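Encoded as structure tokens, here's the structure I'll be asking about.
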Amino acid sequence: MGGGNSAAETALDLWRNGVRVTLVHRRAQVKPSIKYWLKPDIENRLAEGSITARLETRVVGFEDGAAILAPVDERRAAARAARGRRRLRPGRLHPRHRARTPLRRRDRPRVARPCPRPRHLRDQCPWALRGGHPPGRTPDRPDLHRKLARPRPQDRRPPGAAVAHRRSRIIETPTTPEGDLADEPTRPPAFRLDLLARARVLRADRRSGPRKGRRKRRGGQLWRGDRRQRRQRRRVRHRQKGNRISGLKPSDFELTEDGKPVTITNFYAVEDGHRPGAAQAPTATQLPIPSAPTPVAGELEVPEEQQLHLIVYVDNFNLHPFTRNRTLGAVRTFLRSRLGRGDRVMLVTYDRSLHLRHPFTSDPELIASALYELEDITANAVHADSDRRSILEQIYEANDLASVEGRVSQYAESIFNDLSFSITALRDYVDMLAGLPGRKAILYVSDGLSMRAGEDVFYALEDRFRNSSVLMTIQRFDASRDFQQLTTLANANRVTFYTIDAAGLRTYTYMDVSNQTPLGGARIDQIYFTNLQSPLLMLAEETGGMAIVNTNNVAPQLDRIADDFRSYYSLGYSPAQTGTGRYRRLDVKLKDAKRNGWKVRHREGFRDKPVNARVSDTTLAALNFGYQSNPLGVRIEVAGMEPSEERDRSLVTLVLHIPIGKLSFLPQADQHRGRVRLFIAAKDTEGGVAPVQEVAVPIDIPAAELERAQSQFYQYRMQLLMRTGSQVVAIGVRDDLAAVTSVIARGLTVGP
């Protein structure tokens, strides 16, 4: 009961330990004075319904292990507040000090003598505190002080009247079963809150509409968007219920670039994986019996720009075994039931280094089966927990600050070093995804990453020795800038993060009773939890994705992620300048002011990469993921190999065949010139990648031979120094005049 710090902290503590909690508060919202580290947590729990809120409600009593609740009467509350503020007239007895009924003789009338100074009532009018009548007054003259003798409510009501007549606004509860307080006609509550172990609630049959003047409560997370270069993907949801909003048109949106409005030139909506109005195969009931099988709608080829590439990224280094296996079970169900036929899925793990567990596949069952193999792999977060407990014990066993401050800094530096490797691995993988077309999403599974390494330990040190200067050291281990660079890179490469906090509902484990301090261990644990969840929230929100935190059951939120994949709006525009390499911030709003209950979720911006950077990214995508797009019809041929002077190296001669008829030429005086650029990259079996090399290849053809050359190939020979073993070579060919790019990859074996 209540809306302050004690009520909020107790409610959160009970909820984290698995108790069903109901918070009762007489106001429309919790108090704004709640501590800053508690307020977001309690507001989020109330908004998502994890903790039930009975706002504008008061507790009127307790009976048989149940609390009797009633709605707050606003008019009476205002009247009581006004009466409390008014000044007493001379000769008027203060309401708190009115005479009480005598304890021994209840038949005496309750009369009182005016007390000029109520604050001195104890000295001047002691009889008023004991009850009874003033000296010199007899019980047979009650009329002398009739104005001051106020009978109690039970003295005024007629015989047989119910006590609850003062709560006439209370709505009756549903009929209770026999023996369950069915014989209590004198106290009809608005609803009963059972305080027994099951904490069941007997709700009132309230009106469906909200009461006038009552604040509407908002729901949880609402919608997602996926930004492509010069194209925004966004989803609109109703703020209170989280449902998708369909049927919107380009005129309903307002798109701005760096704060300046731009014209929407391209628009389409995708609902349940299909674009309304696009050609779809008829269903089986509409087809006559064919002579050959006809593909159904789900088997139609998905356009390249709409194809989903989903990477399941399991961060084993920052996971506990139990929480990992519990979450992966829900992910398996999600992959098997909610992905479409055209979606491609990959499985990657981080165990101090990146490991590709399964390449991209259109069969989600293969990835779901591969997740079983991860249950036998060690999850390393248990070691981090052991180190944290050890340093906290050292802090509270130390006698002075100097003896432990150095060890705390070493611990934070170790955490920061591991964190840097985790961020670098994520950044490298996001960079690899840059050249893939279509929609790209990373489902990141972890127990959290620290925004500031060791922040909770420094606060524990400050709490132990009351020296605030130690908090200044935290800035040395702040990784917020690294996470900001990661989100900027993800937006530039059109990658969306969906993060899962596999730890779920966390419990306070920081301190025991022997180490309690006035600040309390709960605050240290709360700082620790917030520090771990902040990067997950940041990655999801700034890339247009969704974060799943503070829940042991991630399945409902995974269903919402599946809805994000299959339903969205795509908005496109033409920027004034292209290929500048600048980062452009985007904002999308709804024009209709009446739609304040709707919310648009989208990517915060993108980087307008130049052409050579985009082709390099596509070449690396072909090298790493096998992506190929060959509108020019080029092909690679291995012409020969010869040993090199370097050990375990060979010179490999490759011939690139480019059809001349598919190139564009610019006529000049007596010849035609074509402008072609090659982008070459290679990778060995150990994961070593050679940087992309760009080569300009001018092609000149005499004007008289152009027509005959249309059916021929232009051959470009190159020699590559490659390590012995299996290799993959990817080549991108860019026709600058036609603005067409082909990317192909080929595997080969070098050496004997």
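The values are calculated or read from the model by the stated rules, or taken from the named source; none is laboratory data. All values reported here derive from a predicted model rather than from experimental measurement. All Cβ positions, even for glycine, are placed from backbone atoms using ideal geometry, and neighbour counts span all protein chains on display.
Can you confirm whether Ile744 is assigned to a strand (DSSP E or B), in the same structural domain as Arg635 (by TED's automatic domain parsing), farther than 26 Å from Arg614 by Cα and in contact (Cβ under 8 Å) with a residue 12 or more places away in the chain?
Details: assigned to a strand (DSSP E or B): yes; in the same structural domain as Arg635 (by TED's automatic domain parsing): yes; farther than 26 Å from Arg614 by Cα: no; in contact (Cβ under 8 Å) with a residue 12 or more places away in the chain: yes.
Taking the combined requirement at face value, the residue does not satisfy it.
Now for a different question. Condition check: surrounded by fewer than 17 Cβ atoms within 10 Å (Cβ to Cβ) and either at pLDDT 95 or above or farther than 19 Å from Leu310 by Cβ (or both). Does Asn550 satisfy that?
Answer is no for this residue.
Yes or no: Gly633 within 30 Å of Glu257 (Cβ to Cβ), in contact with a Pro (Cβ under 7 Å, 6 or more places away or on another chain) and not in a strand (DSSP E or B)? Before the answer, list the steps.
Details: within 30 Å of Glu257 (Cβ to Cβ): no; in contact with a Pro (Cβ under 7 Å, 6 or more places away or on another chain): yes; not in a strand (DSSP E or B): yes.
No; evaluated as a whole, the condition is false for this residue.
When you go through (1) in a strand (DSSP E or B); (2) modelled with pLDDT under 95; (3) not small (Gly, Ala, Ser) one by one for Arg336, which number turns out not to apply?
(1) is the only condition that Arg336 fails.
Which members of region 431-464 meet the condition of being over 26 Å from Asn550 (Cα atoms) and in contact (Cβ under 8 Å) with a residue 24 or more places away in the chain? It would help to see each step written out before you state the result.
Of region 431-464, the ones over 26 Å from Asn550 (Cα atoms) are 431-439, 461-464.
Asp431, Met432, Leu433, Ala434, Gly435, Leu436, Pro437, Gly438, Arg439, Leu461, Asp463, Arg464 - these are the residues of region 431-464 that are over 26 Å from Asn550 (Cα atoms) and in contact (Cβ under 8 Å) with a residue 24 or more places away in the chain.
Exactly one of these conditions fails for Ile423: (1) assigned to a helix (DSSP H, G or I); (2) modelled with pLDDT of 95 or more; (3) over 21 Å from Asp501 (Cβ atoms). Give me its number.
(3)
Any residue that is surrounded by 16 or more Cβ atoms within 10 Å (Cβ to Cβ), without any contact (Cβ under 8 Å) to a residue 40 or more places away in the chain and in contact with a helix residue (DSSP H, G or I) (Cβ under 8 Å, 6 or more places away or on another chain) - is there at least one of those in region 672-689?
Yes, region 672-689 contains at least one residue that is surrounded by 16 or more Cβ atoms within 10 Å (Cβ to Cβ), without any contact (Cβ under 8 Å) to a residue 40 or more places away in the chain and in contact with a helix residue (DSSP H, G or I) (Cβ under 8 Å, 6 or more places away or on another chain).
Here's another thing I want to ask about it. Just checking, which of Asp617, Asp648 is over 28 Å from the mean Cα position of the chain (by Cα) and at pLDDT 90 or above?
On the way: Asp648 fails: at pLDDT 90 or above.
Selected residue: Asp617, the only one of Asp617, Asp648 that is over 28 Å from the mean Cα position of the chain (by Cα) and at pLDDT 90 or above.
Of the numbered conditions (1) touching a residue at least 24 places away in the same chain (Cβ under 8 Å); (2) more than 20 Å from Glu604 (Cα to Cα); (3) touching a Ser or Thr at 6+ places or on another chain (Cβ under 9 Å), Asn467 satisfies every one except a single condition; which is it?
Status for Asn467: all satisfied but (3).
Suppose we filter region 6-22 for residues that are part of a helix (DSSP H, G or I) and either buried (at least 18 other Cβ atoms within 10 Å of the Cβ) or basic (Lys, Arg) (or both); how many remain?
Pass one, region 6-22, residues part of a helix (DSSP H, G or I): 6-16.
Checking which are either buried (at least 18 other Cβ atoms within 10 Å of the Cβ) or basic (Lys, Arg) (or both) leaves us with 7-9, 11-12, 15-16.
So the count comes out to 7.
Restricting attention to region 11-57, and to residues there that are in contact (Cβ under 8 Å) with a residue 40 or more places away in the chain and among the polar types (S, T, N, Q), which single residue is farthest from Asn550 (Cα to Cα)?
Thr57
Here's something else I'd like to know. Test of understanding: among Gly661, Gly633, which residue is small (Gly, Ala, Ser), at positive phi and outside the structural domain of Glu542 (by TED's automatic domain parsing)? Lay out the reasoning, then the answer.
Working: Gly661 fails: at positive phi.
After ruling out the rest, the residue left standing is Gly633.
While we're looking at this one, here's another question. Could we say that Ser711 is in contact (Cβ under 8 Å) with a residue 40 or more places away in the chain and outside any strand (DSSP E or B) here?
Values: in contact (Cβ under 8 Å) with a residue 40 or more places away in the chain: yes; outside any strand (DSSP E or B): yes.
Yes.
Given (1) in the same structural domain as Leu443 (by TED's automatic domain parsing); (2) in contact with a strand residue (DSSP E or B) (Cβ under 9 Å, 6 or more places away or on another chain); (3) surrounded by fewer than 17 Cβ atoms within 10 Å (Cβ to Cβ); (4) not basic (Lys, Arg), identify the lone condition not met by Ser574.
In the conditions (1) in the same structural domain as Leu443 (by TED's automatic domain parsing); (2) in contact with a strand residue (DSSP E or B) (Cβ under 9 Å, 6 or more places away or on another chain); (3) surrounded by fewer than 17 Cβ atoms within 10 Å (Cβ to Cβ); (4) not basic (Lys, Arg), Ser574 misses (1) alone.
Could you list, in sequence order, the residues of region 723-734 that are surrounded by fewer than 21 Cβ atoms within 10 Å (Cβ to Cβ) and touching a residue at least 60 places away in the same chain (Cβ under 8 Å)?
Initial filter on region 723-734 (surrounded by fewer than 21 Cβ atoms within 10 Å (Cβ to Cβ)): 723-726, 728.
Hits for region 723-734 are Arg723, Thr724, Val728.
I need the full set of residues from region 690-710 which are in contact with a helix residue (DSSP H, G or I) (Cβ under 6 Å, 6 or more places away or on another chain) and within 14 Å of Ile660 (Cα to Cα), in order please.
As a first pass, look at region 690-710 and keep what is in contact with a helix residue (DSSP H, G or I) (Cβ under 6 Å, 6 or more places away or on another chain): 692, 701, 709-710.
Result: Ile701, Ala709, Gln710.
When you check Tyr569 against the structure, is it in contact with an Asp or Glu (Cβ under 8 Å, 6 or more places away or on another chain) and surrounded by 22 or more Cβ atoms within 10 Å (Cβ to Cβ), yes or no?
Details: in contact with an Asp or Glu (Cβ under 8 Å, 6 or more places away or on another chain): no; surrounded by 22 or more Cβ atoms within 10 Å (Cβ to Cβ): yes.
Against the criterion (in contact with an Asp or Glu (Cβ under 8 Å, 6 or more places away or on another chain) and surrounded by 22 or more Cβ atoms within 10 Å (Cβ to Cβ)), Tyr569 does not qualify.
Let me ask another. Would you mind stating whether Leu69 is within 23 Å of the chain's Cα centre (by Cα) and at pLDDT 70 or above?
Details: within 23 Å of the chain's Cα centre (by Cα): no; at pLDDT 70 or above: yes.
So Leu69 does not fit the description; no.
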